[in-house]
1. If the requirement is being closer than 21 Å to Lys4 by Cα and under 15 Å from the mean Cα position of the chain (by Cα), which of these qualifies: Ala67, Ala84, Ala80?
2. If I ask for residues that are under 22 Å from Ile46 (Cβ atoms) and touching a Pro at 6+ places or on another chain (Cβ under 7 Å), which ones from segment 104-143 would you list?
3. Please verify whether Asp97 is crowded, with 22+ Cβ neighbours inside 10 Å, at pLDDT below 95 and on the phi < 0 side of the Ramachandran plot, treating the condition exactly as stated.
4. Take the residues in segment 22-81 that are of a type in the set (Ser, Thr, Tyr) and touching a residue at least 24 places away in the same chain (Cβ under 8 Å); name whichever of them is farthest from Phe93 (Cα to Cα).
5. Any idea how many residues of segment 9-48 are under 15 Å from Ala110 (Cβ atoms), in contact with a Leu (Cβ under 9 Å, 6 or more places away or on another chain) and in a helix (DSSP H, G or I)?
6. Which pairs do you get when a residue that is under 15 Å from His204 (Cβ atoms) and among the aromatic types (Phe, Trp, Tyr), found in segment 133-149, comes within reach of a residue that is surrounded by fewer than 13 Cβ atoms within 10 Å (Cβ to Cβ) and modelled with pLDDT of 85 or more, reach meaning Cβ atoms under 8 angstrom, with the pair 6+ apart or on two chains?
7. Against the definition (in contact with a Ser or Thr (Cβ under 7 Å, 6 or more places away or on another chain), among the aromatic types (Phe, Trp, Tyr) and not in a loop (DSSP other than H, G, I, E, B)), how does Phe131 come out, yes or no?
Amino acid sequence: MSGKRPDITAILNVHREGVLAHSSLRSMLEARRVAAAEGLRVEIIIAADCPDAAMRDYLDTVPRADAEILELTVDDLGLARNAAAASGKGRYFAFLDGDDLWSSNWLAQAYRCAENSNEPTVWHPEANLYFGAETSPIWMMHHDLDTEAGDWVTLGLRNHWTSLSFSPREVLERVPYRPSAIREGFGYEDWCWNGETVSQGLLHRKVPGTVHLVRIQPHSLVRRTSAEQALVTPFSLFRKRIGSSTKSLTTAHGRTASRQAGS
């Protein structure tokens, strides 16, 4: 890549996916090609956190013109995302896990939406297709946070968005990913990050016409976290929102009481 700053840093997080990461990288390269046709500069970083021998063997075959390899030993997906983001030079950052795929228009479309927005926003694909050798295909649609009242409340019960996101650099600097502590009973780093960004006043919106293909694996991190009966790592959303609502309610009641006393 030339000396000019990239418009987008695309980060592929890998661990022990082996050759499955090849399909993910090809998906990312195709999205870069489509974005380049619109004049966008995209750098690709493969963040390999504690890779096993099979993963290293595959990475040895990746042309350096295709991607920069960043080998890490943090042994934590959230911290690996932070390290890769710190290494990237783009104005925007996009994440893809090493066994998933995204539609070829994802980077270009997400960039267009972000550039046309005047609000701090995290962007997600419109649709998600869950698939796998032992799983029947399942579709899930993302929605905009600000189109359904009370969505922030239900974030305590379920994660609204997948790990695939597109956001400005300053979002990741302002809200880094938190480490997981599955053995202590806490995990779901992406759910925690989504909740914390909402608590910081950021919106979450979908990019029309884009798709994330999520591969369901029998030994995925999500399934291991669930098997440990771990809870989502705490985030500050509810302390901030409930505290704010209580204060507002108290103030309103106080004003009402004052008016009644003075009448």
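The values are calculated or read from the model by the stated rules, or taken from the named source; none is laboratory data. Model, not experiment: these values are computed from the prediction. When we count neighbours, we look across all protein chains shown, and the Cβ atoms used for this are built from the backbone with ideal geometry, even at glycine.
1. Ala84
2. If the condition is that a residue be under 22 Å from Ile46 (Cβ atoms) and touching a Pro at 6+ places or on another chain (Cβ under 7 Å), then Trp106 is the only one that fits.
3. Values: crowded, with 22+ Cβ neighbours inside 10 Å: yes; at pLDDT below 95: yes; on the phi < 0 side of the Ramachandran plot: yes.
Yes.
4. Taking segment 22-81 as the starting set, the residues that turn out to be of a type in the set (Ser, Thr, Tyr) are 23-24, 27, 58, 61, 73.
Restricting the remaining residues to those that are touching a residue at least 24 places away in the same chain (Cβ under 8 Å) gives 23-24, 27, 58, 73.
On the way: Ser23: 20, Ser24: 17, Ser27: 16, Tyr58: 24, Thr73: 21 Å.
My answer is Tyr58.
5. 6
6. From residues that are under 15 Å from His204 (Cβ atoms) and among the aromatic types (Phe, Trp, Tyr), there are no pairs.
7. Working: in contact with a Ser or Thr (Cβ under 7 Å, 6 or more places away or on another chain): no; among the aromatic types (Phe, Trp, Tyr): yes; not in a loop (DSSP other than H, G, I, E, B): yes.
So Phe131 fails the test.
Every residue, every condition in (1) among the aromatic types (Phe, Trp, Tyr); (2) in contact with a strand residue (DSSP E or B) (Cβ under 8 Å, 6 or more places away or on another chain); (3) crowded, with 19+ Cβ neighbours inside 10 Å, yes or no:
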| site | (1), (2), (3) |
| --- | --- |
| Ile69 | no, yes, no |
| Leu77 | no, yes, yes |
| Arg81 | no, yes, yes |
| Gly88 | no, yes, yes |
| Trp102 | yes, yes, yes |
| Trp106 | yes, yes, yes |
